[in-house]
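S.K.: Take this structure first; my questions come after.
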Amino acid sequence: MSVVNYRSTAEFLHRAETEKREVLRITADYPDMTVEDAYRIQEELVMIKLRQGHRIIGPKMGLTSQAKMKQMDVEEPIYGYVFDYMLVPNGGEIRMHELIHPKVEAEIAFVIGKDIEGPGITGAQVLAATDYVVPAVEIIDSRYENFKFTLTDVIADNTSSSRFVLGNRLINPENLELDLVGVTLSINGEIKDLGASAAVVGHPANSVAMLANMLARKGDKVKAGDIILTGGVTGAVMLAVGDTVSAKLDGLGEVGFKVVE
Ligand code: 0L1
Ligand code: MG
């Protein structure tokens, strides 16, 4: 059994991101890698980015839909982190030459007002600690060849985090039935996918609760000021240069961007 070198594996994945180069999945070398190993690599990757001067905007949740969990054969979602350099202004541009093979998914983001410390956190406690919800799109860009990976590969790769866009409207979550938000994801005016927010573990607040409970296992918590992407309401759709992307979320508004070379 090979022993995972967390630091050098994180450096390998970091280079793949900065050099915009897809790489062979790391489980080809470390077939016995555990979920715990994968999060240790992710922590090293986060440290590299922090040492470079990047700032964490918040943790994010991935694999939150039944479809994605079934596809990856897991019973709980995974988390990663989004950073300041990943934030694209609403209506702004993402540059294809900075990325590998990006896909987009529509999400609901939570702006957290008070610390949320697990274990045992519920969706209701999350809603009480949330200042606002915001429409969002996440651009995921796995560093692995052909977006092919196992669960541990994708955790180590910071859950494919790459870019994200937040809408302009901040909505008080009390004013919405957050599990009943209808969402469309359009590219160049054509609907490419649609969904309902209950696809995110029954209610997007449950996703933040699960995050708080998972972070508690390593003595961490969801913090006041975090902006949290709760997981894809729609599936992820491949992007191409020239695309104009728009997500419409009932009661939350619209958010989008363009893809340039
Ligand atoms: O945000 C996400 O749900 C991405 C999780 C990683 C899986 C993927 O890259 O599709
Ligand atoms: Mg996502």
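The values are calculated or read from the model by the stated rules, or taken from the named source; none is laboratory data. What you see is a predicted model, and the numbers here were worked out from it, not measured in a lab. In this analysis, Cβ positions are derived from the backbone assuming ideal geometry, glycine residues included, and neighbour counts consider all displayed protein chains. Just so you know, the surface numbers come from the protein's heavy atoms only, side chains and all, with ligands and any DNA or RNA stripped out. Shrake-Rupley method; radii C 1.70, N 1.55, O 1.52, S 1.80 Å.
S.K.: What does the charge add up to near ILE112, with Lys and Arg as +1, Asp and Glu as -1, over the other residues with Cβ less than 12 Å from its Cβ?
M.R.: Computed value for this residue: -1.
S.K.: If you place +1 on the Cβ of every Lys and Arg, -1 on the Cβ of every Asp and Glu, and leave all else neutral, what size is the dipole of the chain about its Cα centre, to the nearest 20 Debye?
M.R.: For the chain, the charge dipole is close to 360 debye.
S.K.: Right, something else. Cross-link partners among aspartates and glutamates for LYS248, C-alpha distance below 17 Å, same-chain residues fewer than 8 apart left out?
M.R.: The reachable aspartates and glutamates, counting only those whose Cα sits under 17 Å from LYS248, are GLU105, GLU107, GLU138, GLU177, ASP179, GLU190, ASP193.
S.K.: Separation between the ASN175 and LEU24 pseudo-spin-labels, each 7 Å from Cα along Cα→Cβ, expressed in nm?
M.R.: About 5.4 nm, to one decimal.
S.K.: Distance cut-off 30 Å, Cα to Cα: go down the list LYS20/LYS114; LYS148/LYS223; LYS218/LYS258; LYS60/LYS148; LYS192/LYS218 and report the pairs above it.
M.R.: Those over the limit are LYS20/LYS114; LYS148/LYS223; LYS218/LYS258; LYS192/LYS218.
S.K.: Right, here's the next one. On average, how much area does the Cα convex hull of the range 2-90 cover when viewed from any direction, in nm²?
M.R.: The orientation-averaged projected area of the Cα hull of the range 2-90 comes to 7.1 nm².
S.K.: So for the chain, considering every pair of alpha-carbon atoms, how many percent are separated by more than 23 Å?
M.R.: 48 percent
S.K.: A follow-up question, please. Could you give the distance between the Cα centres of the range 24-45 and the range 197-249, to the whole Å?
M.R.: 22 Å
S.K.: Work out how much length ASP115 to HIS54 would gain on full extension: take 0.36 nm times their residue separation and subtract the Cα-Cα distance, in nm to one decimal.
M.R.: 19.8 nm
S.K.: Where in the range 160-181 does the amide nitrogen come within less than 13 Å of the point 7 Å from the Cα of MET72, taken along Cα to Cβ?
M.R.: 160-161
S.K.: Next question. Of all accessible surface on the range 119-227 at a 1.4 Å probe, what whole percent is carbon and sulfur?
M.R.: Carbon-and-sulfur percentage of accessible area, whole number: 50.
S.K.: Quick one: net charge around GLY167, please, counting Lys, Arg +1 and Asp, Glu -1 for every other residue with C-beta under 14 Å from its C-beta.
M.R.: Charge balance near GLY167 sits at -2.
S.K.: For Cα pairs less than 8 Å apart in space and 6+ apart in sequence, what is the mean separation divided by the residue count of the chain, i.e. the relative contact order in percent?
M.R.: 27 percent
S.K.: On a full-extension model of 0.36 nm per residue, what is the gain between GLU11 and ASP250, subtracting their alpha-carbon distance, rounded to one decimal in nm?
M.R.: Here the answer is 81.9 nm.
S.K.: Using only the Cα atoms of the range 174-227, each taken as one equal point scatterer with no solvent, compute I(q) by the Debye sum, divide by I(0), and report log10 of the ratio at q = 0.19, 0.21, 0.22 Å⁻¹.
M.R.: The calculated log intensity ratios at q = 0.19, 0.21, 0.22 Å⁻¹ are -0.79, -0.86, -0.88.
S.K.: On the Cα set of the range 53-100, report Rg and Dmax in Å, please.
M.R.: 14.3, 37
S.K.: How much of the pair distance distribution for the range 55-174 lies past 22 Å, counting alpha-carbon pairs only, in percent?
M.R.: Of all Cα-Cα distances in the range 55-174, 40 percent exceed 22 Å.
S.K.: Over the chain, with the other protein chains present, what is the accessible area per residue in square angstrom, probe 1.4 angstrom?
M.R.: Heavy-atom accessible area per residue stands at 44 Å².
S.K.: Could you name the aspartates and glutamates in cross-link range of LYS49, using Cα to Cα under 12 Å and dropping any fewer than eight places away on the same chain?
M.R.: LYS49 reaches GLU11, GLU17, ASP84.
S.K.: Hey, with R₀ at 35 Å, roughly what FRET efficiency would GLU261 and MET47 work out to, going by the Cβ-Cβ distance, to 0.05?
M.R.: Given R0 = 35 Å and the Cβ-Cβ separation, E is 0.60.
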